[in-house]
Structure formats: structure tokens, C-alpha cells
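Here's the structure we're looking at; comments come further down.
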Amino acid sequence: MNQIITDFVEYVNHGMPKHDKAVAQKATQKHFNLIKDGTVYYTQHFAVRFCYSKNGAFSNTVLSLSKLQKFDDIPFFVVLIRREQDNVLFLANSSLLQKISHSSQNLSLSNIKGSFNGSDIVKSYDNIPNDAEHIEQLFAIHEGFTWDENLERLVEATSKIKPSKEKFNPDETQKNSLFASIDRAKAFVDSEDYLILKKDLDERVQRNLQSILIASHIENVNIRGRLIEYLITSEKNRTLDELRYLESQLPVYDTKNGLGDYIRKFPSRSTYTDIKTKIMYLGSNPKAYNIDKFLECMSEEDSVFMFYFIGINEKGLANCVLCSVYDKRLIDSTIFQLHWAGRGTRGTAQFNGDAIVQILKNPLHQEIDAEQCKSFLRDLLRR
């Protein structure tokens, strides 16, 4: 993580004044040169809200959801100052909220209303404690989700509305095509079509390489990823001269089934390729796919789903690898965020970022274990 964030976490643990919220706020603001925005103190690297508890309980109203949106792309911390105990640090980005408890009667996807309480902050995420020692791990998970995805989940959890998305339930024909997708993947990675697709994507990277390298320095992981996808899938060369207004100019991707950034059809198969940029010196667990959309796509009779990983290190472009979704290293490193799904869906999958680094370093070692993949698909269908 950014050294400033690491310093802040260390300061909470060992340097921040205790027991008095006003004193802690003033000292922290001075120490890190924080800007005050209402009850939030922030820099370009992180934001923090201070709360106080006499007895250690934490049911206080923390912040409005609309205000959190402003800071959700950087670590948003809550420091709980306790009268007779040590300070406690929580990560409170939208991925770490269960629901919106306060004044949220009119909360909807188009009407961001209400505030979250201390009790709404998840204290343990998938057996990972929400504490100072696990901030980097939790924020890496948060970066795999967009604001809109978390908002939809919070709206559903808060208002108990009927889910807008439903679980994909394949019929027998679709199930047969789904399990046949494993053999389709194995055939594709050994085919001339694979080489054609790889060459196509590699040429697109080289055509816009300087702009891709510029974009790789954007801290916001979602904007960075969307921009590089745009640069590669665009049919024209793109030059990045001005980054300030970039987000508003980015198109919204919505392929036929919402899976894959780049679709290319061959005589005997349709390929869906998701483009992922891996900054190899940064830790992250990138979002892999929506599980229901993945199952639905793989249930088409000619579909093949691939990942195109672009590895960037301190020196520039390290490697580009075209890899099947069924590659054993990806299957082994898939993390399911199922408890965070809407009630009507199977949730999303993420990849352990370390596995992607290994794939970029050893691109030739691609293995598809048919029996492992069948078990993987059966597991997804049961969820």
C-alpha cells in the first residue's frame, strides 16, 4: 500500500492520542496535513471519520452514503475513540458495509439516501478481521467491486426489495453446452484461432502502448482498467494528453451477455475475452466475473471465454498472456464473494492477484484439468 496509508495505520496504533475525540482529530489533521470536509478528514490517499464511544459499543451514525461515494475509491477509515480503551481502526468502504440503517427509507439505485451506523460496518469479511493488520487485504478485495455493484447490494439489503437480477437456471441442453465448454476451451488453446486472437490483442497493445503505460499510473483501479480496455478494443489509435476529464469520456461496456470486453467470432466458435491489467508491484484481487453471466455465456454452444492479462512492472510492459478461464492456476486461485451477492444471484468471483503474476511470468505453462473444471462448474451451479 501507499507509504502514507501505512504510516497512518501505524499512527493509529502507536501515535494517535487516545480517549478524546477532539484531541485525536486535531493531532491527526496536523500530522498528515488533512483537509476537512464536514466530518471527514482526507488527503488524496485516504479519508477518515472519527467517532467516539464511552463504553466501547459502536452504534453511532457514521456518515451518509452519498458522502461515502465521494471517497470510495480510496481507503475510507473509521477511527473509534474509546473513553477507557485503545483506539480502534476499521475500513468502511462500501464493500465493507452490510446495509444502510439510518434514514434510508427512500434509498434506491437512483436516490442515494441514508447513513450507515457503526454496527453496519462488517467486523469480519470472509473470516478476514476488519482491523489495522488486514487493511491492505480488505482494500484489495474492495477494489474488485464497482460503486454501482455495492450500491445495488446495499439497496437490496436495506429495503428488502425484489432482486433486479435472477439466478441463471440452465435447461438440460444448456447444461450440456456448459460442460462441453471445457473441451471447447482445450481445443481452442491448441488451435490456430488462439494464435490469431493472441496476435490481434498483442498488436492492439503495441498500437496504444504509450497511452496504456500512461494509464497504468492512474490510482483508481476501476478507471484504470476501463481506460485500458477502451484503448485496446478501440479500432483507432488513442493518445492520452489530458487525464483530468477522462472518466466522463469513458464509454460504458455492455456486451451481449455482459461478459468479456472483446468479442471475436471465428467460423466454429465465438470468443469472449476479458482484459485485465496487472500492475505487478501492487497487490490486488481483481474481479473475475459475475458467476451467473459466466454460466449463461458458457451455456452457448460455441462460446469460449478467455482472459488477456497485461503485466506492467516498474520498467514498463512486462508481458501479455492470453489464458483460458479454465486454466488450472486460475481455477485454483478463484475466490468467491458469495455472501456478498444479492439474494437472487450466485455472486461474483475474484482472482488472487499473486496467481496472475505467476501466469505472466510463466505463460507457457497452461493446463486445463477437465475433471477439476467439471467439479468447479458443478459447484457453481449448486450455489
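Side notes on the structure shown:
- Residues that are buried (at least 21 other Cβ atoms within 10 Å of the Cβ) and in contact with a Lys or Arg (Cβ under 6 Å, 6 or more places away or on another chain) were ranked within the stretch 63-83; the one that is nearest to Ala24 (Cα to Cα) is Ile81.
- Evaluated against (1) free of Cβ contacts under 8 Å to residues at least 24 places away in the same chain; (2) over 28 Å from Arg224 (Cα atoms), Asn111 falls short on exactly one condition, (2).
- Members of the stretch 2-55 that are small (Gly, Ala, Ser) and surrounded by 12 or more Cβ atoms within 10 Å (Cβ to Cβ): Gly15, Ala24, Ala27, Ala47, Ser53
- Yes/no for Ile232 being in the same structural domain as Phe376 (by TED's automatic domain parsing), surrounded by fewer than 21 Cβ atoms within 10 Å (Cβ to Cβ) and either of a type in the set (A, V, I, L, M, F, W, C) or at pLDDT 75 or above (or both): no
- Selection from the stretch 317-343 of residues that are modelled with pLDDT of 90 or more and either part of a strand (DSSP E or B) or not assigned by TED's automatic domain parsing to the domain that holds Cys297 (or both): Leu317, Ala318, Asn319, Cys320, Val321, Leu322, Cys323, Ser324, Thr334
- Evaluation of Lys99 against (1) farther than 24 Å from Ser59 by Cβ; (2) without any contact (Cβ under 8 Å) to a residue 60 or more places away in the chain (one fails), failing number: (1)
- Among residues of the stretch 3-18 that are over 10 Å from Asn87 (Cβ atoms), those with a Cβ under 6 angstrom from a residue that is part of a helix (DSSP H, G or I), sequence gap 6+ or separate chain, pair up as Val9/Ala132; Val9/Ile135.
- When residues in the stretch 96-134 are screened for being outside any helix (DSSP H, G or I) and surrounded by 15 or more Cβ atoms within 10 Å (Cβ to Cβ), 19 of them pass.
- Where Lys265 falls short, out of the listed (1) modelled with pLDDT of 85 or more; (2) more than 19 Å from Glu235 (Cα to Cα); (3) among the basic types (Lys, Arg): (2)
- Of all residues in the stretch 52-80, those satisfying the criterion of being part of a loop (DSSP other than H, G, I, E, B) and either aromatic (Phe, Trp, Tyr) or touching a Gly at 6+ places or on another chain (Cβ under 7 Å) (or both) are Phe58, Ser59, Asn60.
The values are calculated or read from the model by the stated rules, or taken from the named source; none is laboratory data. This one's a predicted model, so the numbers in the text were calculated from it and none came from an experiment. Glycine also receives a Cβ, built like all others from the backbone with ideal geometry; neighbour counts cover every protein chain displayed.
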